[in-house]
Amino acid sequence: MARPVAFIWHRVAMVDTDALLAAYDAQMRMPTGAVPTGMTYEYDGPLLRIAGGHVGRVRAPRDIGVTGAELDRLIARQRDYFRARGQGVEWKLRSHDLPADLPERLVVAGFVAQEPATVLLAFAEEIAADPVLPDGVVLRHISAVEDLRRLADQQSAALGEDCSWVAADLAARVSADPDQITILAAEVDDQLVCTALVEYCPGTDFVALLGGATLPDWRGRGLYRAMIAARAQEAVARGFRLLHVDASPASAPILRRCGFHEIAISTHYQWTPTRQP
């Protein structure tokens, strides 16, 4: 597999998190591979604008390269583009991004910071293992439309919020390139009790671990750890070396114990059509 950026690490007691961060910045700022069915990617200067999904998204390099009034106009254009579509938009920002006053300028433009997540990376072959599942639980790959609907219902129940949009989002990704995503479900007695995704990033060293959610009654039984191990196996089998997670406060401690390393904090700044200006 071709890699656009090469970097070398050595397995020593102290992990070179600076090297990991440099690889992340070089390879994980913009999506790679097939564009999900029904979505469009278009650039506005240094920014990538993603439209057509559940919510609009803005992705950017570490340093946007513009400041002051020019930056304010760039921010306003993204907001107004999605306002015209009657759609909300989220702008993903990392703790080391530049310019340093970007968060304040987003807030002035009407964006609201959401709960921060911890950006964690790990070496896939160090995490990969046979998943250990509770008795009676079966782990399988899913992609059928009905299974994706069941997954959306399961994630709504697990997270306590409406995740019905997830079924269409995953179907669009599978339709665009089924080899770019693996969807895993832990099932018992026809009930999905834990679900998780692996998104492969072609041309990079990375896979992204997404969507891990366990029903409340099944927490504390090792299912989340099993999903981490299984997804790392998938990454190794396909030749990817690094795992990436934007971890919630609940997940971050588990991932650290599994061998993940913190490199940054990420925050989504959201704007919705009912918000002013």
Practice prompt. Restricting attention to region 227-253, report how many residues are within 17 Å of the chain's Cα centre (by Cα), surrounded by fewer than 15 Cβ atoms within 10 Å (Cβ to Cβ) and of a type outside the set (S, T, N, Q).
Written response: 2
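Can you name the residue in region 217-238 that is of a type in the set (D, E, K, R) and outside any helix (DSSP H, G or I) and is also farthest from residue 129 (Cα to Cα) among such residues? Full working, then the answer.
Pass one, region 217-238, residues of a type in the set (D, E, K, R): 217, 219, 221, 225, 231, 234, 238.
Pick out the ones that are also outside any helix (DSSP H, G or I) and you get 219, 221, 238.
Values: 219: 20, 221: 17, 238: 15 Å.
Here the answer is 219.
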Worksheet item: What about residue 109, is it at pLDDT 95 or above, surrounded by fewer than 14 Cβ atoms within 10 Å (Cβ to Cβ) and over 26 Å from residue 208 (Cβ atoms)?
Response: no
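Would region 269-277 turn up any residue that is within 25 Å of residue 27 (Cα to Cα) and either touching a residue at least 12 places away in the same chain (Cβ under 8 Å) or outside the structural domain of residue 142 (by TED's automatic domain parsing) (or both)?
To start, the set of residues in region 269-277 that are within 25 Å of residue 27 (Cα to Cα) comprises 269-270.
Checking the rest, the ones that are also either touching a residue at least 12 places away in the same chain (Cβ under 8 Å) or outside the structural domain of residue 142 (by TED's automatic domain parsing) (or both) come to 269-270.
Yes - at least one qualifying residue is present in region 269-277.
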Discussion item. Checking the condition closer than 12 Å to residue 184 by Cβ and buried (at least 19 other Cβ atoms within 10 Å of the Cβ), which residue from 151, 120 passes?
Written reply: 151
Worksheet entry | Breaking point among (1) in contact with a strand residue (DSSP E or B) (Cβ under 8 Å, 6 or more places away or on another chain); (2) under 26 Å from residue 55 (Cβ atoms), for residue 223 | (2)
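Can you tell me which of 189, 179, 162 is touching a residue at least 24 places away in the same chain (Cβ under 8 Å) and surrounded by fewer than 20 Cβ atoms within 10 Å (Cβ to Cβ)? Working first, answer last.
Working: 179 fails: touching a residue at least 24 places away in the same chain (Cβ under 8 Å); 162 fails: touching a residue at least 24 places away in the same chain (Cβ under 8 Å).
Being touching a residue at least 24 places away in the same chain (Cβ under 8 Å) and surrounded by fewer than 20 Cβ atoms within 10 Å (Cβ to Cβ) holds for just one of 189, 179, 162, which is 189.
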Item to complete: Of the conditions (1) outside the structural domain of residue 95 (by TED's automatic domain parsing); (2) part of a loop (DSSP other than H, G, I, E, B); (3) modelled with pLDDT of 95 or more, residue 66 clears all except one; give me its number.
Response: (1)
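Scan region 96-116 residue by residue and report those that are touching a residue at least 40 places away in the same chain (Cβ under 8 Å) and either in contact with a Pro (Cβ under 8 Å, 6 or more places away or on another chain) or charged (D, E, K, R) (or both).
We begin by selecting, within region 96-116, every residue touching a residue at least 40 places away in the same chain (Cβ under 8 Å); these are 96, 103, 106-107, 109-116.
Those that are touching a residue at least 40 places away in the same chain (Cβ under 8 Å) and either in contact with a Pro (Cβ under 8 Å, 6 or more places away or on another chain) or charged (D, E, K, R) (or both): 109, 110, 113, 115.
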Fill in: Exclusive hit being closer than 30 Å to residue 171 by Cβ and either of a type outside the set (Val, Ile, Thr) or assigned by TED's automatic domain parsing to the domain that holds residue 232 (or both), set 74, 93
93
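When only residues in region 17-46 that are among the charged types (D, E, K, R) and surrounded by 14 or more Cβ atoms within 10 Å (Cβ to Cβ) count, which is farthest from residue 59 (Cα to Cα)?
Among those residues, the one meeting the criterion is 25.
So which residues in region 92-139 are among the aromatic types (Phe, Trp, Tyr) and out of contact with any helix residue (DSSP H, G or I) (no Cβ under 8 Å at 6 or more places or on another chain)? Outline the logic, then answer.
From region 92-139, those among the aromatic types (Phe, Trp, Tyr) are 111, 123; that's our starting set.
Listed by number, the list holds a single entry, 123.
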Worksheet item: Can you name the number of the only condition in (1) within 21 Å of residue 153 (Cβ to Cβ); (2) touching an Asp or Glu at 6+ places or on another chain (Cβ under 8 Å) that residue 240 fails?
Response: (1)
Response to the item:
Within region 33-57, the residues that are farther than 22 Å from residue 164 by Cα and out of contact with any Cys (no Cβ under 8 Å at 6 or more places or on another chain) are 34, 41, 42, 43, 44, 45, 46, 47, 48, 49
Practice prompt. Tally the residues that are within 20 Å of residue 228 (Cβ to Cβ) and either surrounded by 11 or more Cβ atoms within 10 Å (Cβ to Cβ) or of a type outside the set (Asp, Glu) (or both), restricting the search to region 128-148.
Written response: 12
Worksheet item: Is one or more of the residues making up region 42-51 more than 20 Å from residue 113 (Cα to Cα), out of contact with any Phe, Trp or Tyr (no Cβ under 6 Å at 6 or more places or on another chain) and in a loop (DSSP other than H, G, I, E, B)?
Response: yes
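Being over 17 Å from residue 127 (Cα atoms), assigned to a loop (DSSP other than H, G, I, E, B) and β-branched (Val, Ile, Thr), is that true of even one residue in region 199-206?
As a first pass, look at region 199-206 and keep what is over 17 Å from residue 127 (Cα atoms): 201-204.
Checking which are assigned to a loop (DSSP other than H, G, I, E, B) leaves us with 201-204.
Still in the running and β-branched (Val, Ile, Thr): 204.
Within region 199-206 (the criterion being over 17 Å from residue 127 (Cα atoms), assigned to a loop (DSSP other than H, G, I, E, B) and β-branched (Val, Ile, Thr)), the answer is yes, since at least one residue qualifies.
The values are calculated or read from the model by the stated rules, or taken from the named source; none is laboratory data. None of these values were measured; they are calculated from a predicted model. In this analysis, Cβ positions are derived from the backbone assuming ideal geometry, glycine residues included, and neighbour counts consider all displayed protein chains.
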